[in-house]
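The values are calculated or read from the model by the stated rules, or taken from the named source; none is laboratory data. Note that the coordinates shown come from a computational prediction; the quantities given were computed from them, not determined experimentally. Cβ coordinates were reconstructed from backbone atoms using ideal geometry, including for glycine residues, and neighbour counts include every protein chain displayed.
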Amino acid sequence: MGVILKKEINSCILGIWKITEDYYTLNSMLSMDMEEINMLESFGNENRKVEWLSVRALAKELTASDSRIIYSEENKPFLKGMAYNISISHSRKFTSIFLSKNKRVGIDLEYMSHRIGNICHKFINNQEYITNDPEMKTYHYYLHWCGKEAMYKICDKQDINFKENLTLFPFEPKESGIIRGRVLNNHGLEDFILNYQKIEDYAIVWTYK
């Protein structure tokens, strides 16, 4: 299937890849150096290999080059030798990348299962609102989780507790829309505008600043 969404947003590029290819097909799309080949071969699970390859294939599509993705000690991704800020997320059959040359970026996507209701107390605080509509409740939970994950990434994962330091201001969930979010921790206070969208059974939230 490959890229199902690619768009430019205020000097940022958003891409989503739907994985329908097998390992060999994805592998044939890429030109990898020995370090990357060794990394790929270190994964024992083929699903993990396919996921890893899909990220590189999507990065190649978005940058029109064989981008080398490396990670810092804090597990923050970078494109080696390229002046991009990049954020990556994947869940089941979807992979997403959000990148920009001059803005900070954060993205998260999640496949929506009904199990999230069992752990919502760990990341929803008493300033936040969850709909009573049973058909939208799971989606609303996931938008909160994805929104907080996107803010967590854009703030470089510094000194952040999802429940105590991250807040999404009340909103009614729709197929797509905008959410206001806030990070408040020892580094100060910062507000964000988050964009969200539902595609199939996935919730996707991204932000830039």
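Laid out as a table, the results:
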read-out: Residue check, Glu128 in a loop (DSSP other than H, G, I, E, B), in the same structural domain as Gly181 (by TED's automatic domain parsing) and under 20 Å from Trp206 (Cα atoms); value: yes
read-out: Selection count, segment 158-187, where residues are modelled with pLDDT under 95, surrounded by 15 or more Cβ atoms within 10 Å (Cβ to Cβ) and more than 19 Å from Ile119 (Cα to Cα); value: 1
read-out: Checklist (1) surrounded by fewer than 16 Cβ atoms within 10 Å (Cβ to Cβ); (2) under 23 Å from Thr207 (Cα atoms); (3) among the polar types (S, T, N, Q) applied to Asn45, failing item; value: (2)
read-out: Selected residue (only one of Lys163, Lys137 is touching a residue at least 40 places away in the same chain (Cβ under 8 Å), basic (Lys, Arg), in the same structural domain as Gly181 (by TED's automatic domain parsing) and farther than 27 Å from Ile37 by Cβ); value: Lys163
read-out: Residue that is farthest from the chain's Cα centre (by Cα), among those in segment 190-207 that are closer than 18 Å to Ile160 by Cβ and of a type in the set (Phe, Trp, Tyr); value: Phe192
read-out: Options His114, His144, His121; residue that is farther than 30 Å from Lys60 by Cβ and under 18 Å from the mean Cα position of the chain (by Cα); value: His144
read-out: Total residues in segment 1-22, condition of a type in the set (A, V, I, L, M), crowded, with 18+ Cβ neighbours inside 10 Å and part of a loop (DSSP other than H, G, I, E, B); value: 1
read-out: Residue among Leu62, Leu53, Leu79 that is at pLDDT below 90, within 18 Å of the chain's Cα centre (by Cα) and not polar (S, T, N, Q); value: Leu79
read-out: Index of the failed condition, Cys155 passing every other in (1) buried (at least 16 other Cβ atoms within 10 Å of the Cβ); (2) within 28 Å of Leu5 (Cα to Cα); (3) at pLDDT 95 or above; value: (3)
read-out: Residues being assigned to a loop (DSSP other than H, G, I, E, B), farther than 21 Å from Cys155 by Cβ and out of contact with any Asp or Glu (no Cβ under 7 Å at 6 or more places or on another chain) - total across segment 82-125; value: 5
read-out: Selection status of Lys148, within 25 Å of Glu73 (Cα to Cα), part of a loop (DSSP other than H, G, I, E, B) and basic (Lys, Arg); value: no
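Yes/no per residue for (1) hydroxyl-bearing (Ser, Thr, Tyr); (2) modelled with pLDDT of 95 or more; (3) within 15 Å of the chain's Cα centre (by Cα):
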| position | (1), (2), (3) |
| --- | --- |
| Ile86 | no, no, yes |
| Phe94 | no, yes, yes |
| Glu128 | no, yes, no |
| Tyr139 | yes, yes, no |
